[in-house]
1. Can you tell me which residue is surrounded by the most Cβ atoms within 10 Å (Cβ to Cβ) among those in segment 352-372 that are aliphatic (A, V, I, L, M) and without any contact (Cβ under 8 Å) to a residue 24 or more places away in the chain?
2. Can you name every residue in segment 210-224 that is under 13 Å from the mean Cα position of the chain (by Cα) and in a loop (DSSP other than H, G, I, E, B)?
3. Is it true that some residue in segment 3-23 is modelled with pLDDT of 95 or more, more than 16 Å from Trp334 (Cα to Cα) and part of a loop (DSSP other than H, G, I, E, B)?
4. Kindly indicate whether any position in segment 123-132 is touching a residue at least 40 places away in the same chain (Cβ under 8 Å) and over 21 Å from Leu95 (Cβ atoms).
5. Kindly indicate whether any position in segment 270-291 is over 21 Å from the mean Cα position of the chain (by Cα) and charged (D, E, K, R).
6. Hey, among Leu385, Leu415, Leu375, which residue is of a type in the set (A, V, I, L, M, F, W, C), at pLDDT below 95 and surrounded by fewer than 20 Cβ atoms within 10 Å (Cβ to Cβ)?
7. Of everything in segment 337-377, what is among the aliphatic types (A, V, I, L, M) and within 26 Å of Trp324 (Cβ to Cβ)? Give them in sequence order.
8. Based on what the data block shows, is Asp105 touching a Lys or Arg at 6+ places or on another chain (Cβ under 9 Å), surrounded by fewer than 19 Cβ atoms within 10 Å (Cβ to Cβ), assigned by TED's automatic domain parsing to the domain that holds Ala358 and within 24 Å of Cys345 (Cα to Cα)?
Amino acid sequence: MRTLTIFLATLVLSGLASSQVTLDYWLWDANQLEPYTQCAADFQEANPGITVRVTQMGWGDYWTGITTGFVSGTAPDVFTNHLQRYVEFAANEQLVDIQPFVERDGLDLGIYIDGLAELWTRDGARFGLPKDWDTVAVVFNAEMLAAAGITEEELNAATWNPDDGGTFQNIIARLTLDANGNDGLSDDFDKANVVQYGFTLPGSDSGGATGQTQWSHYAYSLGFAFNDGMFATSYYYDDPRLAATLDWVARLINEYGYAPSFAEISSLGGNALFTAGQTALLTDGSWMIGFYDDNSPFDVGFARLPLGPEGRKSMFNGLADSIWVGSRHQDEAWSLVRHLASPDCQRIVGASGVVFPAVPEGVDLALANFEERGLDVSAFTEQALEEGGTFLFPITDFASEIASIMENAVASIFLGQEPAEAALTRANRDVNALFR
């Protein structure tokens with residue numbers, strides 16, 4: 001009888017111990033909170049000994065919390081990681097190399113869209129499993145477009161160059177109106193009294209080191225490149241083609257009056273200005289499709305990026321989930337990462353119509369969701385499929401330091417404080433000094 005009692009007590013205690021395994025999972029995108037909460041719930045149901053606490057916080061607070069957590073020992077077990085960040089984290093030995101787990105479990109990485117899984121590897125180590133991908137397109141207010149007599153076909157066929165802005169700048173000018181109803185092409189246009197801007201930068205910053213949604217697509221359509229590829233040890237921010245691009249954006253803001261001041265963009269955010277009906281166009285990423293559809297009190301459309309001298313170019317990015325090296329439950333954390341990157345979870349994410357998942361069947365579900373909502377998102381998918389239509393997010397060491405240097409430099413250009421050539425020459429020198 002005593003033996004049976006000890007046996008039963010052992011079972012109870014082992015059950016309590018397993019039920020006490022709690023994993024913290026963090027992500028920054030509020031739009032993805034619901035589908036990933038569902039994925040976490042499904043994981044818990046399949047693993048009753050594990051509880052997953054899902055936390056979402058805004059971009060700035062998120063990365064502060066992650067980096068502070070690494071130091072204080074309070075970082076989440078699993079977190080959504082970014083290509084710009086993981087190299088630095090891995091170099092500081094803050095991430096678990098999951099390649100041994102992948103090999104142990106015989107995980108088929110071929111389920112992911114070509115190239116995504118490889119973005120998270122360095123020197124034989126792997127620091128995340130992919131969860132989605134994205135490209136950039138033009139977002140437009142359909143009512144403003146129609147009022148200006150501009151067709152979607154005209155916008156989709158727009159051309160761009162840094163000298164006169166091409167037909168794209170012409171469209172922006174026609175969409176810009178002053179209080180007297182004059183558009184930006186009129187001799188009577190009053191740039192000091194604008195009531196509707198033709199264009200704005202998205203978000204609330206200059207794009208810093210990457211200009212992912214702000215300006216990288218224009219610069220790359222001129223032949224610019226950040227560097228020589230993954231893990232490069234020098235940058236080309238002093239390229240005249242980048243300077244010409246940023247000077248063009250600055251002219252839209254400060255000289256022509258076709259865009260809000262950079263101070264206003266920084267304060268209110270280009271996304272908010274667009275959904276408030278104060279601006280007609282902006283460029284943004286595919287992860288924001290649902291945001292614009294849900295928050296705009298007018299019909300929203302998505303058009304191709306303007307055609308530059310070297311074609312249409314969009315940054316291609318993809319997120320992944322990583323494991324903190326300080327997690328006390330790395331086996332369980334791996335199980336969660338594997339589930340979040342599985343077709344089961346990616347189908348849930350795809351069906352939610354928030355992002356394009358990393359597995360093709362998830363993408364198909366996302367496209368079906370958008371179609372049901374009457375949204376044509378082909379501007380994003382055609383860009384991804386176009387030969388030579390994408391370029392990688394810059395992936396190198398010193399990402400945090402580079403971001404700080406470049407944010408200050410590009411902001412000074414958009415504020416009209418100095419020309420791009422001077423700001424970028426100085427910034428590029430400081431960036432490349434990091435690698436020496």
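1. Here is the first cut: in segment 352-372, the ones aliphatic (A, V, I, L, M) are 354-355, 358-359, 363, 365-368.
Going one step further and asking which of them are without any contact (Cβ under 8 Å) to a residue 24 or more places away in the chain, we end up with 365-368.
Working: Leu365: 21, Ala366: 27, Leu367: 18, Ala368: 13.
Here the residue is Ala366.
2. Just the residues of segment 210-224 that are under 13 Å from the mean Cα position of the chain (by Cα), to begin with: 210-214, 216.
Once the filter is applied, which keeps residues that are under 13 Å from the mean Cα position of the chain (by Cα) and in a loop (DSSP other than H, G, I, E, B), segment 210-224 yields Thr210, Gly211, Gln212, Thr213, Gln214.
3. Going through segment 3-23, the residues modelled with pLDDT of 95 or more turn out to be 21-23.
If we keep only those that are more than 16 Å from Trp334 (Cα to Cα) too, we end up with none.
No, every residue in segment 3-23 fails to be modelled with pLDDT of 95 or more, more than 16 Å from Trp334 (Cα to Cα) and part of a loop (DSSP other than H, G, I, E, B).
4. Quick first cut of segment 123-132, residues touching a residue at least 40 places away in the same chain (Cβ under 8 Å) only: 127-132.
Okay, now just the ones that are also over 21 Å from Leu95 (Cβ atoms), so none.
Looking for residues that are touching a residue at least 40 places away in the same chain (Cβ under 8 Å) and over 21 Å from Leu95 (Cβ atoms), one finds none in segment 123-132, hence no.
5. Going residue by residue through segment 270-291, those that are over 21 Å from the mean Cα position of the chain (by Cα) are 276-280.
Still in the running and charged (D, E, K, R): none.
Checking segment 270-291: not a single residue is over 21 Å from the mean Cα position of the chain (by Cα) and charged (D, E, K, R).
6. Details: Leu415 fails: at pLDDT below 95; Leu375 fails: at pLDDT below 95.
Going through Leu385, Leu415, Leu375 in turn, just one is of a type in the set (A, V, I, L, M, F, W, C), at pLDDT below 95 and surrounded by fewer than 20 Cβ atoms within 10 Å (Cβ to Cβ): Leu385.
7. The initial filter retains those residues of segment 337-377 that are among the aliphatic types (A, V, I, L, M), namely 337, 340-341, 348-349, 351, 354-355, 358-359, 363, 365-368, 375, 377.
Val337, Leu340, Ala341, Ile348, Val349, Val354, Val355, Ala358, Val359, listed by residue number.
8. Numbers: touching a Lys or Arg at 6+ places or on another chain (Cβ under 9 Å): yes; surrounded by fewer than 19 Cβ atoms within 10 Å (Cβ to Cβ): yes; assigned by TED's automatic domain parsing to the domain that holds Ala358: yes; within 24 Å of Cys345 (Cα to Cα): yes.
Judged against the criteria, Asp105 is a match.
The values are calculated or read from the model by the stated rules, or taken from the named source; none is laboratory data. Quick caveat, the model's predicted, so the values are computed rather than measured. Positions of Cβ are backbone-derived with ideal geometry, glycine not excepted, and every protein chain shown enters the neighbour counts.
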